Amino acid sequence: MQDQNMDKQVANLTKEDFVSDQVVKWCPGCGDHAILKAVEDVFPKLGKRKEDIVVVSGIGCSSRFPYYMNTYGFHSVHGRAAAAATGVKLANPNLSVWMITGDGDCTAIGGNHFIHACRRNIDINLLLFNNRIYGMTKGQFSPCTFRGTKTKTSPQGTFEDPFNPGELAIGAKATFFARAIDMNPKEMTEIFMEAYKHDGMAVTEILQNCMIFSNGVHENITGRDVRDDMQVKCVHGQPLIFGKNRDKGIMLKNNKLEVVTIGQDGVTEKDILVHDKTQQDTGIHMMLAHMMPPEYPVAIGVIRDVVAPTFNDSLDEIIANEKANSKIKNMDDLLNSGSTWTI
Amino acid sequence: MTGKSKVVALDHVVIRFSGDSGDGMQLTGNLFSDSTALAGNDFATFPDYPAEIRPPQGTVAGVSGFQVHFGHKPVHTTGDLCDVLVAMNPASIKANMRWLRPGTIIIFDSDSMNEKALEKANYTADPTVDGTLADYQVVKAPISTLTKEALKDTGMDMKSILKSKNMFALGIVMYLFNRTLDSVYDYFETKFKGKPEVIKANRTVLDAGFHYADTWELFTNTFKVEAADLDKGKYRNITGNVAMAWGLMAASERSGRPLFLGSYPITPATDILVELTKYKNLNVKAFQAEDEIAGIMSSIGASYAGSLAVTTTSGPGLSLKSEAMGLAVMTELPLVIIDVQRGGPSTGLPTKTEQSDLMQALYGRNGDAPLVVMAAKSSAGCFYSAFEAARIALEHMTPVILLSDGALGNGSEVFRIPRMADMPTITAPLAKANDPDYMPYRRDEEKLRREWAIPGTEGLRHRVGGLEKENGKGNLSTNPENHQIMTELREEKIARVANDIPLQEIDGDPNADLLVVSWGGTFGVVRTAVDKMREEGKSVAHAHFSYIMPLPRNTEEVLSGHKKIVVCEINRGQFAKYLRMNYPQFKYEQYNKVQGLPFTLGELENKFNDLLK
């Protein structure tokens with residue numbers, strides 16, 4: 001009966017259940033507000049008790065996120081959220097662990113923890129808010145800032161190439177990578193749900209706009225005039241077709257991806273690459289994650305979603321197995337095992 | 001067993017087995033320890049091997065040693081100067097010269113002496129004949145030749161035959177100490193089960209060594225160390241690092257909180273991680289992280305989620321963990337941080353011991369970030385120190401740094417096996433589900449600890465983190481007065497731990513002329529030195545500190561009433577400075593040594609005698 005009651009409680013959860021009593025202190029117009037709303041939309045649909053969700057973050061504007069969610073939350077230190085989230089998940093695998101991070105937090109100071117969390121395939125839902133700038137420290141370039149960008153610490157423009165978080169995640173063996181845009185709430189909630197369903201490390205990069213320090217940085221992707229031509233939605237099993245007139249597509253040609261126009265040069269819909277998010281091989285997924293304007297549209301949606309053993313499940317299996325097969329059941333057994341003598 | 005030589009009774013003996021890294025000295029030493037246990041002696045052991053995995057053969061750098069200190073009386077140290085040195089090559093003599101005392105018996109494989117070996121050991125002439133070893137009793141035995149002879153009919157290849165020469169040396173030593181060979185036979189039976197020819201070969205060589213010593217009357221005397229007067233009970237031999245791991249597991253069992261270790265390999269702390277990875281059968285989750293920071297951060301995450309969380313490291317790793325320790329202070333979560341100290345600064349002396357992380361442990365964090373600092377005092381004692389560190393962390397909701405050191409961690413001692421039912425229960429302050437008044441930073445009046453509201457518990461959802469919190473409610477707060485209140489509360493919470501730890505003991509006359517103060521891993525040698533001087537009628541007392549932050553409530557009393565106080569430590573005076581800061585009314589003499597080595601008995605006695613003049 002209790003279980004049924006609980007199921008009912010879980011089923012009746014609404015967005016309001018997840019809104020905390022704290023005043024949200026992000027700048028007006030910041031993309032973070034929309035992401036927060038999308039997460040508030042998704043959490044009631046997870047089928048999880050509020051108590052079984054933990055939001056873990058690092059440091060930066062986005063990392064204030066846990067304070068705004070009425071769940072368990074842990075605001076850790078700069079760059080280390082992945083390590084903290086790993087500890088939470090391993091300690092209690094029943095918890096749904098969501099990690100909030102930014103491009104600086106995740107790919108600069110937290111780079112090591114990020115790649116290893118991906119590699120281990122721990123069941124964490126990682127939301128990476130990418131505004132290509134350090135916002136909280138007021139406008140220094142991040143590892144995701146495009147070459148040549150003038151910022152507080154690059155007055156002549158940066159002279160280093162940025163990371164692409166998708167390439168980094170897939171290269172580090174993440175089993176799930178998706179990309180979303182802060183302006184598309186419906187798409188975000190769908191992708192977050194897919195990330196939740198994925199068993200293992202799920203990295204979602206959200207192209208997020210910082211009104212103050214990198215305003216318009218994603219404009220060449222999200223602008224009203226260009227968005228149809230500069231975004232290709234990755235839908236599993238569907239051809240990668242895009243464009244205002246749905247006449248453009250992505251084709252695999254000469255070992256690379258190419259943008260083609262259906263109906264031109266004999267290209268038909270059949271020639272367009274059909275998206276397969278479940279392909280173990282990282283080749284095409286890497287190429288899709290890599291695509292950037294002006295040559296390519298940006299791939300949006302779930303790019304990679306493959307099945308692999310998770311670290312947490314493997315650990316639990318080994319523990320269960322060892323418990324079942326060991327003669328040593330407690331500390332008294334252990335203390336008295338092996339070579340001992342009596343006086 | 002009768003022998004032709006006279007049997008001399010000794011109170012205690014230090015024997016060092018020393019040879020090239022490939023000579024099997026660790027095994028030889030361990031087998032001798034097993035036999036020592038059966039003889040009923042108290043004992044302690046210390047392995048001393050090179051940092052390099054395969055150092056150049058035959059060189060001083062490649063010497064691997066294993067020391068056993070055993071006695072009829074209680075043994076508190078792994079010993080310093082040795083009574084017997086087994087040296088399998090010239091380099092082993094060279095490497096151990098500083099550990100010889102006049103009269104040390106050196107059992108030397110004379111077959112290892114040749115020009116090349118001398119050159120590798122940096123000898124220009126044979127030390128066994130040129131007077132270098134005039135103060136010692138050198139017993140030359142052609143160990144390699146006799147081993148070959150003993151096994152010549154077995155059909156074994158020469159390499160395998162020579163591998164067992166350590167058993168010949170062991171046979172000699174067993175004879176010297178009037179031991180029976182049964183425990184070694186037992187080891188062969190277990191280790192080489194199903195390989196009767198290997199068992200036979202090893203027995204043959206061991207017996208040959210034993211009989212050789214007897215027949216050739218190698219020694220004018222043999223020795224007997226009577227059984228020690230140990231309490232009745234069941235015993236085992238345990239290293240400090242293993243004892244540490246087991247103490248944590250015991251605390252997990254007695255607290256009901258699952259054990260989580262987040263750690264990264266670092267000498268000389270690695271063995272705690274290695275040990276804990278073995279016990280998944282006891283639900284231990286030991287996570288080898290990508291770096292030191294991830295080690296402690298994963299532990300903090302696990303602590304937030306309700307585990308008894310631990311991170312283990314050595315000095316350089318503790319430096320890396322500083323920021324995260326501050327987070328644990330701020331979030332007021334239970335966490336045990338074990339630092340097995342080594343020589344510093346920087347990479348320093350990874351395989352050598354030191355006590356120089358004390359100030360780092362006390363103050364190495366940004367902000368006013370107090371936490372509990374404790375120190376283990378003996379290898380076997382690491383079991384109880386780890387248990388106690390976990391108890392304080394869980395019951396006071398605070399990070400605790402427990403300092404060990406390389407000598408304690410790698411050394412082993414006789415450990416009386418406790419019954420788990422005799423260990424105290426540990427009760428963490430878990431918040432009650434659906435408590436309508438729950439607030440993340442609500443505190444109890446006695447300990448000032450906050451409650452532990454574990455994710456998954458209904459009605460206690462809350463957020464914590466590294467930003468300053470509003471007193472009680474735990475919301476973010478930058479209010480100036482609130483920061484003052486919270487800073488003082490964090491300080492007072494740690495100060496109140498003093499109400500929950502034992503009073504500082506003073507061994508000897510509380511008004512003795514000289515009070516010897518020590519802390520951590522130097523307990524054994526300092527206590528032995530003080531005991532010895534008291535037997536000589538000198539007015540010396542000993543206060544050995546295991547609780548450092550906070551200090552025991554009666555510390556001032558303990559320090560009062562002496563003509564002199566001397567603080568002994570393996571660093572440049574960090575604890576002395578700390579005492580000076582806390583109790584400036586006393587004058588503190590210092591005895592400090594920073595050679596990567598433990599104190600020796602002799603040097604302490606000299607210092608104390610000087611101070612008593």
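Some points to look at:
- Taken over region A:171-193, the residue count meeting the criterion of being touching a residue at least 60 places away in the same chain (Cβ under 8 Å), farther than 22 Å from residue A:210 by Cβ, surrounded by fewer than 22 Cβ atoms within 10 Å (Cβ to Cβ) and among the aliphatic types (A, V, I, L, M) is 1.
- Restricting region B:437-468 to residues that are farther than 17 Å from residue A:69 by Cβ and not in a loop (DSSP other than H, G, I, E, B), the residue that is nearest to the other protein chains (Cβ to nearest Cβ): B:452
- Residue selection: residue A:108 fails the criterion of being crowded, with 24+ Cβ neighbours inside 10 Å, out of contact with any strand residue (DSSP E or B) (no Cβ under 7 Å at 6 or more places or on another chain), more than 8 Å from chain B (Cβ to nearest Cβ) and in a helix (DSSP H, G or I).
- Hits in region B:101-116 - residues which are buried (at least 19 other Cβ atoms within 10 Å of the Cβ), free of Cβ contacts under 8 Å to residues at least 60 places away in the same chain and over 11 Å from residue B:128 (Cα atoms): B:104, B:111, B:112
- Some residue of region B:199-207 being among the polar types (S, T, N, Q) and either assigned by TED's automatic domain parsing to the domain that holds residue B:323 or touching a Pro at 6+ places or on another chain (Cβ under 9 Å) (or both): no
- Meets criteria (of a type outside the set (Asp, Glu) and surrounded by fewer than 21 Cβ atoms within 10 Å (Cβ to Cβ)) for residue B:578: no
- Filtered by the rule that a residue be within 7 Å of another protein chain (Cβ to nearest Cβ) and β-branched (Val, Ile, Thr), region A:45-55 gives a lone residue, A:54.
- Of the residues making up region A:28-64, those that are under 25 Å from residue A:140 (Cβ atoms), part of a helix (DSSP H, G or I) and touching a residue at least 40 places away in the same chain (Cβ under 8 Å) are A:31, A:32, A:34, A:35, A:62, A:63.
- Any chance residue A:42 is in contact with a helix residue (DSSP H, G or I) (Cβ under 6 Å, 6 or more places away or on another chain), at the interface with chain B (Cβ under 10 Å from one of its Cβ atoms) and aliphatic (A, V, I, L, M): no
- Selection status of residue A:252, away from chain B (no Cβ under 14 Å), in contact (Cβ under 8 Å) with a residue 24 or more places away in the chain and buried (at least 19 other Cβ atoms within 10 Å of the Cβ): no
- Residue within region B:405-418 that is part of a loop (DSSP other than H, G, I, E, B) and surrounded by fewer than 24 Cβ atoms within 10 Å (Cβ to Cβ) present: yes
- Residue within region B:477-492 that is closer than 30 Å to residue B:611 by Cα, surrounded by 15 or more Cβ atoms within 10 Å (Cβ to Cβ) and in contact with a Pro (Cβ under 8 Å, 6 or more places away or on another chain) present: no
- Per-region count, region B:419-449, residues surrounded by 14 or more Cβ atoms within 10 Å (Cβ to Cβ), over 24 Å from residue B:499 (Cβ atoms) and within 32 Å of the chain's Cα centre (by Cα): 1
- Of residues in region B:64-89 being under 21 Å from residue B:142 (Cβ atoms) and touching a Gly at 6+ places or on another chain (Cβ under 8 Å), the one surrounded by the fewest Cβ atoms within 10 Å (Cβ to Cβ): B:87
The values are calculated or read from the model by the stated rules, or taken from the named source; none is laboratory data. Remember, it's a predicted structure, so these values are computed and weren't measured experimentally. A quick note on method: Cβ atoms are made from the backbone with ideal geometry, for glycine too, and the neighbour counts reach across all protein chains shown.
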